[in-house]
Amino acid sequence: MNLLHRALDKPRTLALRHWLFQIHLWVGIFVGLYAIAIGVSGAILVFREEIVESSLHQWRSITAPPGAPQASPDEIVAAVRKASGYQGTLTLEFPQHPDRAIEATFFTRNFMHYVFVDPYRAQVLAEVIPGGAALRWLDTLHSNFFLKRPGRVINGIGGLLLVLLALTGICIWWPGRKLWRRRLIIDFRGRFKRLNWDIHNTFGFWGLTGVVIVSFTGAFFTWPQIYRAAVDRYFPLSKSAAPPRVERQPDASRAPLAALLAAANQAAPEGPAWRINIPGSPNDPVRVLKRGDGDPPYRTATTITLNPYTSRVLSVDRYADHTAGDKIFAWIGPLHTGNFGGLAVKILYALIGLFFPALFITGFIMWWDRVVMRRWRAAHPAPRKQEAAVQV
């Protein structure tokens with residue numbers, strides 16, 4: 001029987017399978033607790049938008065005064081800065097309906113603040129940090145294990161080790177052409193050991209693609225430049241220009257936001273402005289976003305960059321003008337978070353996240369029974385066997 005036939009029909013006879021099994025075993029033991037933490041936290045964070053929305057929806061609706069004009073964007077910004085005391089970079093999101101509040105957002109210490117403003121009275125309705133302490137704790141755990149950059153590096157290494165675990169797992173999963181169908185289902189009539197074995201093998205097979213995608217894209221957040229260079233090698237990316245800087249003239253004052261929005265609408269007339277990013281630094285440009293057609297809409301948005309003093313358009317970035325490499329690169333983040341395709345995709349991603357602890361726990365049980373308990377029983381034989389040996 002040649003090597004190919006052995007691999008197809010009797011893979012257990014291959015020395016390579018033995019070494020792959022050892023790699024799978026010890027990598028699994030090494031990253032086990034990491035897999036539980038990253039899988040459970042990820043399964044919850046998939047629904048981050050729904051969790052945030054549950055704490056914000058009560059502030060979104062307002063009663064529009066009949067025939068009343070809306071306050072100017074500058075009046076809205078002034079109200080937000082006065083109420084919050086925040087003077088840094090601020091983003092306004094304009095509602096699509098007249099009975100919705102304007103949302104202003106800004107970051108402090110990695111926390112997102114939402115400020116809701118009545119667009120007719122320029123009155124701040126509420127300032128909210130959504131999700132509470134529990135969501136922020138989970139987010140920090142999932143991103144960097146509370147260790148900032150060192151934790152981010154650990155996360156990247158862990159993601160790549162999970163890819164290795166999945167690939168070695170599928171190799172040792174293969175039982176041969178006569179038995180492979182049996183490995184695709186769980187027999188709930190079997191004893192606990194057999195049931196545990198079936199769960200590990202079945203989850204490993206059906207979850208393979210999802211586990212590899214989530215783990216591999218997770219490492220992207222640690223080394224984005226490496227991923228960018230890899231994509232650019234085969235699918236050229238647009239040349240990234242240096243962020244535009246605006247040289248402020250002496251005694252120059254900012255143009256009204258209404259004038260900036262008008263200039264953005266003239267440069268890119270496709271639909272009304274969705275968001276405007278107002279920098280805190282005097283030398284940074286203003287950015288206006290037009291809602292895209294994709295899901296989420298910001299991934300396919302059109303961005304217009306303007307000089308905040310002269311309203312001159314510095315650049316217009318349309319999704320349709322992006323290269324194939326740009327679009328592939330832009331998909332890496334959504335492929336990790338499941339933030340596309342609606343609720344069905346999010347539920348699928350949550351299940352993938354729960355595969356991580358399920359695979360580790362079932363694998364640990366097999367290792368404990370086959371290795372630890374076997375050695376324990378060999379070192380501590382049962383008293384009856386000892387007595388029988390004495391009698392003989």
Could you pull out the residue among Ser41, Ser72 that is outside the structural domain of Pro279 (by TED's automatic domain parsing), farther than 18 Å from Leu164 by Cβ and surrounded by fewer than 17 Cβ atoms within 10 Å (Cβ to Cβ)?
Ser72
Residue that is without any contact (Cβ under 8 Å) to a residue 24 or more places away in the chain and exposed (fewer than 14 other Cβ atoms within 10 Å of the Cβ), where the choices are Val371, Val345
Val371
Assess whether Ala378 counts as being farther than 24 Å from Phe205 by Cα and either at pLDDT below 95 or surrounded by 16 or more Cβ atoms within 10 Å (Cβ to Cβ) (or both).
yes
Exactly one of (1) assigned by TED's automatic domain parsing to the domain that holds Glu127; (2) of a type outside the set (S, T, N, Q); (3) surrounded by 12 or more Cβ atoms within 10 Å (Cβ to Cβ); (4) under 27 Å from the mean Cα position of the chain (by Cα) is unmet by His57. Its number?
(3)
Quick check: anything in the range 224-237 modelled with pLDDT of 95 or more and of a type in the set (Val, Ile, Thr)?
yes
I need a count of the residues in the range 75-120 that are closer than 21 Å to Ala133 by Cβ and either out of contact with any strand residue (DSSP E or B) (no Cβ under 9 Å at 6 or more places or on another chain) or not assigned by TED's automatic domain parsing to the domain that holds His57 (or both).
4
Which of the numbered conditions does Lys148 fail, given that it passes all the others? Conditions: (1) farther than 24 Å from Gly218 by Cα; (2) out of contact with any strand residue (DSSP E or B) (no Cβ under 9 Å at 6 or more places or on another chain); (3) among the charged types (D, E, K, R).
(1)
Out of everything in the range 317-361 that is aromatic (Phe, Trp, Tyr) and under 15 Å from the mean Cα position of the chain (by Cα), what residue ends up being modelled with the lowest pLDDT?
Phe340
In the range 215-247, how many residues are of a type outside the set (Ser, Thr, Tyr) and either closer than 23 Å to Ala37 by Cα or surrounded by 15 or more Cβ atoms within 10 Å (Cβ to Cβ) (or both)?
12
Could you tell me which numbered condition Gly67 fails, if it satisfies all but one of (1) at positive phi; (2) modelled with pLDDT of 95 or more?
(2)
Name the single residue that is modelled with the lowest pLDDT among those in the range 274-300 being in contact with a strand residue (DSSP E or B) (Cβ under 8 Å, 6 or more places away or on another chain) and over 25 Å from Thr108 (Cα atoms).
Gly292
Taking the options Leu184, Leu165, name whichever one is aliphatic (A, V, I, L, M), in contact with a helix residue (DSSP H, G or I) (Cβ under 8 Å, 6 or more places away or on another chain) and surrounded by fewer than 18 Cβ atoms within 10 Å (Cβ to Cβ).
Leu184
Might you check whether a residue that is exposed (fewer than 14 other Cβ atoms within 10 Å of the Cβ), assigned to a helix (DSSP H, G or I) and not basic (Lys, Arg) occurs anywhere in the range 195-205?
no
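The values are calculated or read from the model by the stated rules, or taken from the named source; none is laboratory data. These figures come from a predicted structure and were not determined experimentally. With ideal geometry, Cβ positions are generated from the backbone for all residues, glycine too; neighbour counts draw on all protein chains shown.
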